[in-house]
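The values are calculated or read from the model by the stated rules, or taken from the named source; none is laboratory data. Computed from a predicted model, the values in this text were never measured in an experiment. Note that we place each Cβ from the backbone using ideal geometry, even for glycine, and neighbour counts take in every protein chain shown. The accessibility values were calculated without ligands, DNA or RNA, using every heavy atom of the protein model including side chains. Shrake-Rupley method; radii C 1.70, N 1.55, O 1.52, S 1.80 Å.
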Amino acid sequence: MIKVISRPFLGKEKYKDFRLCYVDSMPETVYKQTPESKAWERTAPNPSYHKGKAELYAFFTEVPLSDQWGDDWDDAPYEYNAEEPYDDHYEGDERKEHLIVKVPFYVRHDGYDVKIPRDYGCDNSPFCVRDINAGAVAWVFARGLESKRIKGIAIQAGVNPYDFFERVDRINEMYPYEPEEECDE
């Protein structure tokens, strides 16, 4: 089962053994396929999406990263191939269900100071989810500010939700949300 929760409901002890296994963009709009036409139609703005407050999802699993999988997690570029993590895994020949926690979050990821893996490369990152979860690159990386002598912050796969959000907060302190200026035409 994939359970979407907001950050305040993480509860310190309940999710301490969960590990980051996937980060994905949050769509601004929700689309649904209509049975009559089989076409995808916009149904509504995504209620979870809030510019500058919630633009990404972090997925946490309770199984070891080596046992966690998702559709096309071995295909690069992950951003055009991979799907959300599966909520089941195999122990030997036995299929077991487990919980995936999906939490919305925000970091300014402009490709210069703060990067997520899709920001590496030109339109196609060279990574698949399996590579990222093996440590090839961090799910989120913020380079340090030389003038303030702050070292870079990396959020690797396998980090628990509490360490994840502590680092997200530090990144957002370094690089706060700056709304885009509206132009008069």
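List the residue pairs whose Cβ atoms are under 9 Å apart, where the first residue sits in the range 69-85 and is within 14 Å of residue 59 (Cα to Cα) and outside any loop (DSSP other than H, G, I, E, B), the second is open to solvent by less than 10 Å² (accessible area, probe 1.4 Å) and aliphatic (A, V, I, L, M), and the two are 6 or more positions apart or on different chains.
Close Cβ pairs (under 9 Å, with a partner that is open to solvent by less than 10 Å² (accessible area, probe 1.4 Å) and aliphatic (A, V, I, L, M)) amount to 70/129; 85/100; 85/129.
Based on this model, can you work out whether residue 128 counts as open to solvent by 70 Å² or more (accessible area, probe 1.4 Å) and free of Cβ contacts under 8 Å to residues at least 60 places away in the same chain?
no
Results for (1) within 13 Å of the chain's Cα centre (by Cα); (2) of a type in the set (Val, Ile, Thr); (3) assigned to a loop (DSSP other than H, G, I, E, B), shown as yes or no for each residue.
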residue	(1), (2), (3)
90	no, no, no
96	no, no, no
107	yes, yes, yes
112	no, no, yes
118	yes, no, no
121	no, no, yes
124	no, no, yes
130	no, no, no
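Can you give me the number of residues within the range 48-69 that are in contact with a Phe, Trp or Tyr (Cβ under 6 Å, 6 or more places away or on another chain) and under 18 Å from residue 140 (Cα atoms)?
Going through the range 48-69 one residue at a time, the tally reaches 8.
In this structure, is residue 77 surrounded by fewer than 19 Cβ atoms within 10 Å (Cβ to Cβ) and not hydrophobic (A, V, I, L, M, F, W, C)?
Yes.
Being out of contact with any Pro (no Cβ under 9 Å at 6 or more places or on another chain), touching a residue at least 12 places away in the same chain (Cβ under 8 Å) and surrounded by fewer than 17 Cβ atoms within 10 Å (Cβ to Cβ), is that true of even one residue in the range 99-109?
yes
What number goes with the only condition from (1) modelled with pLDDT under 80; (2) of a type in the set (Lys, Arg); (3) open to solvent by less than 80 Å² (accessible area, probe 1.4 Å) that residue 42 does not pass?
Condition (3) is where residue 42 drops out.
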